[in-house]
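Quick notes on the structure that follows.
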Amino acid sequence: MLAFTVSVAMLGVFAQPTQAATDDSLARVQEKGTLVMGTSPDYPPYEFLVNRGGKERVVGMDVDIAKKIAKDLGVKLVIKQMDFDSLLVALETNKVDMVISGMSPTAARKKSVDFSNVYYKGGQSIIINKADKGLYKDRTSFQNKAMGAQTGSIQFNLGKKQIKGSNMKGLAKISDLILALKSHKVEGVIMETPSAQAYVDNDPDLAMINGKFSLGSGENDTAIGFKKGSTSLVNEVNKSVDQINKQKLTKTYLKHAGTYMKTNTKNTSMWHYTSYFVKGVEYTLLITVIGVIFGILLGVLFALMRLSKIKLIHFLGVAYIEFVRGTPLMIQVMFVYFGIGLFINIPALIAGIIAVSLNSAAYVAEIIRGGINSVAKGQTEAARSLGLSQQQTFVSVIFPQALKNIWPALGNEFVSLIKESSIVSIIGVTDLIYQLKAVQTATYKGVIPIVVAMVIYFVMTFSLSKVLNHYERKMKHDA
Amino acid sequence: MPEMITIENINKKFGDTEVLKDLNGKVEKGQVICVIGPSGGGKSTFLRCLNMLEQPTSGKIVFEDSELTSLNESQINQLREKMGMVFQSFNLFSNMTVVENVKLAPVKVKKMTDAAAQELALKLLDQVGLAEKADNYPASLSGGQQQRVAIARALAMNPDVMLFDEPTSALDPEMVGEVLKVMQDLANQGMTMVVVTHEMGFAKNVADEVWFMDGGVFAEKGTPDQIFEHPQNERTQDFLAKILEA
C-alpha cells in the first residue's frame with residue numbers, strides 16, 4: 001500500500017506537464033500497431049499463467065477480452081505483467097495502453113483513470129478454510145477477526161468499511177493471501193466470486209461463502225482502465241465491450257479459462273515448472289552480474305569523488321552515497337521505472353538493472369573508500385618518490401592493494417545483491433521471486449515453490465561465496 | 001665541485017609546532033652527507049622536504065638549477081625521478097613481485113619497454129645480491145632483503161642523488177650489515193647521498209660531512225673526524241656521550 005501511495009505521489013510531481021496534451025490515444029495505438037495491456041496474472045479466472053510446453057503464457061477471461069479488442073482495432077496485443085499495485089502508475093506513465101485486471105471502476109479510481117463500459121459483474125465472496133465452514137456464514141461473522149485482501153484493491157476497502165472491528169491485512173498477491181489463510185494468519189480472504197470459485201475448485205482445503213457486502217457504484221463491476229483523457233481510445237474499445245455484453249461472450253471466455261485451469265492443475269510437480277525457475281535464475285543472475293559490474297565502476301568513481309580535495313566534487317560524492325544509502329531499493333526501483341520512465345520509456349528489466357546498479361554503487365563506493373584508506377601511507381610515498389603521478393600511483397599501487405583488502409566485503413555485497421535484486425519483481429521483471437509467485441498462482445501450491453526458490457537462492461549465493469574465496473586466496477601474497 | 005642541492009632558510013611548521021628552523025646547507029655532487037641526532041630532532045622531516053614529500057613552510061630548495069618550492073605537480077614528478085628515496089619501513093609494493101617493484105617506475109614513468117626494464121631490474125637485483133628472489137613477493141623476504149630491493153628500486157630510475165631515511169632502523173641487528181654494505185658500495189661508485197642514520201660507524205667511515213641536528217636546527221656540521229672526535233657543540237657532545245654509553 002505504501003509503495004502504491006508513494007508511486008502515486010511521485011506522479012503528482014512528474015505527471016503535470018504530460019497532462020495538457022490533446023487526446024491522441026487512439027491514433028497512437030493505431031500508429032504503433034500494438035495495444036499494450038497491463039495485468040497482474042494471479043487472479044484466475046480473470047488472468048493467470050499457464051505452462052505450455054515449458055513456456056509460460058498469460059491466459060484468462062481478461063486476455064480473451066483484450067484479444068478481441070486488439071482484433072477489432074486491427075493491432076497486435078502485447079501483454080505486460082506487473083503487480084496489481086503498479087498497474088495504475090503504469091497507465092499514467094504510458095507503460096501500458098490499458099489495464100484489464102479484474103479491476104472495478106470505483107469512484108476513487110475514476111478520479112485518476114478513465115474506464116470503459118462494464119464488461120463483467122462479479123460479486124464479492126469470502127474464501128475460508130474448509131475446516132471452518134461451520135463458523136462463518138457471511139461478512140458479519142468476521143467481527144474482530146483478521147481478514148485478508150489484495151493491497152490497493154476494492155476488496156480491501158470493503159472489508160475495512162463493512163466488517164466491524166475488522167483487522168485487514170493486505171498482500172500484493174492472491175497466492176500469498178491463500179497461504180496466509182491456510183496458516184491462519186487471516187480467517188478469511190475477500191475476493192471476487194469467479195476468482196474465489198477458481199481457488200475453491202482447485203484446492204480441496206478451501207471453501208467459499210457469499211460475503212453479502214453492500215456494494216456501491218462500480219464496486220461489483222469490472223471494467224477496463226485507461227489513462228485519464230483517452231476518450232478516443234475508450235470510445236473505440238467500448239464498441240468491442242458492447243459486443244461482448246450483447247453476445248454474452250464472457251461466458252465463453254470463462255469456460256475457456258476453466259480449461260486452462262484444469263491443464264494447470266493436472267501436473268503440479270515442481271519439475272513441471274523447471275522452466276519457470278530457470279528463467280527466474282537467468283534474470284536474477286543477469287541483473288546481479290550487470291549490477292555488480294556497473295556497481296564497481298560507478299562505486300570507484302563515487303569513492304574517488306568522496307575522497308576528492310575539491311569541495312564541490314567531494315560534496316556531490318557524499319550527497320549521492322548518503323542519499324542512496326538512506327532510501328530503500330524498492331523506492332529507487334519504482335522511481336527509475338515510473339519516475340524517470342515519464343521522460344524516457346525504459347523497459348522494466350533495464351529500469352531494474354539501472355536501479356540495482358545505482359544502488360550497489362553507493363555501497364561499493366563506501367567499501368572502496370575504506371579499502372583505499374586502509375592502504376599504508378608509505379606505499380603512496382614510495383610511489384610518488386619514484387616519480388609516479390597521483391593517477392599512476394592509484395592505478396598501479398593503491399587500488400590493487402585496496403581491492404585485496406576489501407575483497408571479502410565486496411564479496412558480501414555481491415552475495416547480498418543476488419538476494420536484494422529480488423525487489424525488481426514489483427515492476428514485473430521476471431526474476432526468481434516473480435517466477436516463484438507465478439508458480440504459486442499456477443499450481444495453487446503455496447509452500448513448495450517457496451522452498452524451491454529458497455534452495456535455488458542458497459545454491460547461487462553459496463557457490464558465489466566459494467568462487468570469491470578462491471580468488472581471495474589467490475590474491476594473498478603474504479608468505 | 002658543482003652543487004647538487006642548496007638549502008636556504010628552510011622552515012617547516014606542523015600547526016603551531018616549528019619542526020625545522022632556518023636550515024641552510026649545500027650538498028655537492030658525489031658527496032655523502034650523514035644527518036645524525038636525537039629522535040624528534042627533525043631529521044626525517046628535513047630529508048622529506050628535499051624531494052617535496054613535505055612542503056616547507058618557507059625557504060628555498062634548489063636542486064640542479066630548479067627551485068623546488070616554486071614548481072607545479074608534474075614538474076616535481078619529473079625531478080623526483082632524479083632523487084631516489086629509501087624509507088625506514090621499506091615500503092615495497094606488496095601487490096607486486098620483487099622484479100615488478102623494480103620495473104614499475106622505469107616502465108610507467110620513463111616509458112621503458114618491459115624487456116629493457118626487466119633486464120635493468122635483474123642487473124640491479126644482482127648488484128644488491130637478490131637476483132634469485134626476483135619472482136618472490138615482498139612478504140616472503142626478510143627485512144634486510146626488502147630494504148636492498150627498495151634500494152634497487154630507487155636506483156632503477158638512475159637518480160642523481162639518493163636520500164636514505166633511517167634505512168636500517170627497522171632491521172634486526174644481524175641484517176643491518178648487508179644493507180650498509182650496499183650503501184657503502186654505492187658511495188664508492190660516486191653516488192651523491194644524503195643519509196639520515198643512527199649508524200655512527202657508517203657515518204664515520206663513509207660520510208664526507210656529518211650534520212648534527214637537534215631541535216630543528218643544524219647544531220653542528222663538520223667532517224666525521226671533527227664531529228666524532230672533536231665535537232664543539234655541547235648538544236653534540238651530550239648526544240655522542242649517550243650513544244657511546246649504549
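Every read-out reported here was derived from the displayed coordinates using simple, explicitly stated rules and does not represent laboratory data. No experiment lies behind these values; they were computed from the predicted model shown. Because the Cβ atoms are built from the backbone with ideal geometry, glycine has one as well, and the counts that use them run over all protein chains shown.
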Pairwise FRET efficiency - residue A:448 versus residue A:278, Cβ, R0 = 22 Å, nearest 0.05: 0.85
Rounded to 10°, Cα long-axis angle of helix B:173-188 versus longest principal axis of chain B: 90 degrees
Sequence of A:182, B:242, A:173 once ranked by neighbouring C-beta atoms within 10 Å, starting from the fewest: B:242, A:182, A:173
Label-point separation, residue B:198 to residue B:60 (7 Å along Cα→Cβ), nm: 3.7 nm
Within chain A, percent of DSSP bridges classed antiparallel, to nearest 5: 60 percent
Per-residue HN-Hα couplings for segment A:187-192 [Karplus 6.51, -1.76, 1.60; θ = phi - 60°; Hz; x = Gly/Pro]: 9, x, 10, 8, 8, 5
Segment A:73-113 and segment A:211-225: distance between their alpha carbon centers, rounded to Å: 17 Å
Centre separation in Å (Cα based) which lies between segment A:436-479 and segment B:13-36: 62 Å
Segment B:130-246 - Rg (one decimal) and Dmax (whole number), Cα, Å: 15.9, 51
Segment A:282-340: C-alpha gyration tensor shape, a/c 1.5 cut-off, then a/b vs b/c: oblate
Size descriptor, Kirkwood hydrodynamic radius, that averages inverse alpha-carbon separations across segment B:134-195, Å: 12.2 Å
Prolate/oblate/rounded call for chain A, Cα gyration tensor, a/c under 1.5 rounded: prolate
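Say R0 is 30 Å: what FRET efficiency, to the nearest 0.05, do residue A:243 and residue A:108 get from their beta-carbon distance?
Computed FRET efficiency for residue A:243 and residue A:108: 0.55.
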Residue-span extension gain [residue A:374 to residue A:315] - 0.36 nm each, minus C-alpha spacing: 19.1 nm
Radius 13 Å from Cβ of residue A:221, net charge of other residues (Lys, Arg +1; Asp, Glu -1): +1
For residue A:83, residues with placed amide H under 5 Å, excluding near neighbours: A:428
Per-residue Cβ neighbour rank within 10 angstrom, fewest leading, A:93, B:223, B:97: B:223, B:97, A:93
Shape of segment A:124-210, Cα gyration tensor, a/c cut at 1.5: rounded
0 to 90° range, to nearest 10: angle between helix A:348-374 axis and chain A longest Cα axis: 30 degrees
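Only Cα pairs under 8 Å and at least 6 apart count here; give the relative contact order of segment B:148-196 as a rounded whole percent.
54 percent
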Computed helical MRE - 222 nm, chain B, DSSP H runs ≥ 4 contributing -39500 (n - 2.57), nearest 500: -11000 deg cm²/dmol
Selection from A:84, A:285, B:140 lying farthest towards where the dipole of the protein assembly as shown points positive, charges on Cβ: A:84
Estimated vicinal HN-Hα couplings, Hz - segment B:137-148 in sequence order (Karplus 6.51, -1.76, 1.60; Gly, Pro = x): 8, x, 4, 8, 9, 6, x, x, 5, 4, 5, 5
For residue B:192, residues with placed amide H under 5 Å, excluding near neighbours: B:30, B:162
Relative contact order (percent, whole number), segment A:124-210, Cα cutoff 8 Å, 6+ residue spacing: 46 percent
Relative contact order %, chain B, counting alpha carbon pairs below 8 Å whose residues are six or more apart: 26 percent
Between helix A:274-307 and chain A: long-axis angle, C-alpha atoms, 0 to 90°, nearest 10: 40 degrees
Cut-off 12 Å between beta-carbons: net charge of the residues surrounding residue A:365, Lys and Arg +1, Asp and Glu -1: 0
Estimated FRET transfer efficiency when R0 is 25 angstrom, pair residue A:27-residue A:71 (beta carbons, to 0.05): 0.85
Listed residues B:133, B:13, B:221, most fluctuating in chain B (Gaussian network, C-alpha, under 10 Å): B:13
HN-Hα J in Hz across segment B:93-108 - Karplus 6.51, -1.76, 1.60, θ = phi - 60°, x for Gly and Pro: 6, 6, 8, 10, 6, 4, 5, 5, 4, 6, 6, 3, 5, x, 6, 6
